[in-house]
Amino acid sequence: MIFSVFMLVGCNGPKPSFIDTKNRNYDDYYERFGINNLEEEFFYKDSNHYLIYIYSDTCSHCHNIKGVILDYLDSIIDETCNGITDIYIFNGSKDPNFRAYFKEKPKNWQSDGLQNTLITQMIGASSLTETYFFGTPSLYTIKDHVLSTFYLGEDTVGDYFYRNM
């Protein structure tokens, strides 16, 4: 019986750490990966399949996953990345009005299941006026210039980058 408990615990394994132990900054990557004008660039990149990661300097959750995000960007730079290599990052702190580019959420958007419904509805969007912003960290996958998937929150976004590095 004791052996089976250890097997179950061992199979699940510990959650990977997404903390940055290398003391890096998002700003150091902005010249290569940054978006300066979200409204003009979000759906209009030359690539047919890319990621847009939105974070904020004041977001503790963004800080908590900074390590895995910057490791992913480093893997693109050193050409060892196994995931999507066209990625763009946007610091919401650089444009305090960026939320106005997105579709306005209903007042009750946090009620039972409505957020998931809104996320499902925006898949296939081809403009920011059809796309919601729910908070940071957010990861949008754009394929053929439409939104194909969306990830929200520290664990979900961090796991995406960890699995695809």
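The values are calculated or read from the model by the stated rules, or taken from the named source; none is laboratory data. Everything quoted here is computed from the prediction, not taken from an experiment. Cβ atoms come from the backbone with ideal geometry, glycine included; neighbour counts cover every protein chain shown.
Worth pointing out:
- Test for residue 77: is it surrounded by 15 or more Cβ atoms within 10 Å (Cβ to Cβ) and not polar (S, T, N, Q): no
- Any hit, segment 19-27, residues being modelled with pLDDT of 95 or more and touching a strand residue (DSSP E or B) at 6+ places or on another chain (Cβ under 7 Å): no
- Of all residues in segment 83-139 being assigned to a loop (DSSP other than H, G, I, E, B) and either on the phi > 0 side of the Ramachandran plot or of a type in the set (Asp, Glu) (or both), the one that is nearest to the chain's Cα centre (by Cα): 135
- All of 137, 96, 106 fail the test of being over 15 Å from residue 40 (Cα atoms) and either touching a Gly at 6+ places or on another chain (Cβ under 8 Å) or of a type in the set (Asp, Glu) (or both), apart from 137.
- Residues that are surrounded by fewer than 17 Cβ atoms within 10 Å (Cβ to Cβ), outside any strand (DSSP E or B) and of a type outside the set (D, E, K, R), drawn from segment 19-60: 19, 21, 23, 25, 30, 36, 37, 44, 47, 48, 58, 60
- Residue 67 among the small types (Gly, Ala, Ser), in a loop (DSSP other than H, G, I, E, B) and without any contact (Cβ under 8 Å) to a residue 60 or more places away in the chain: no
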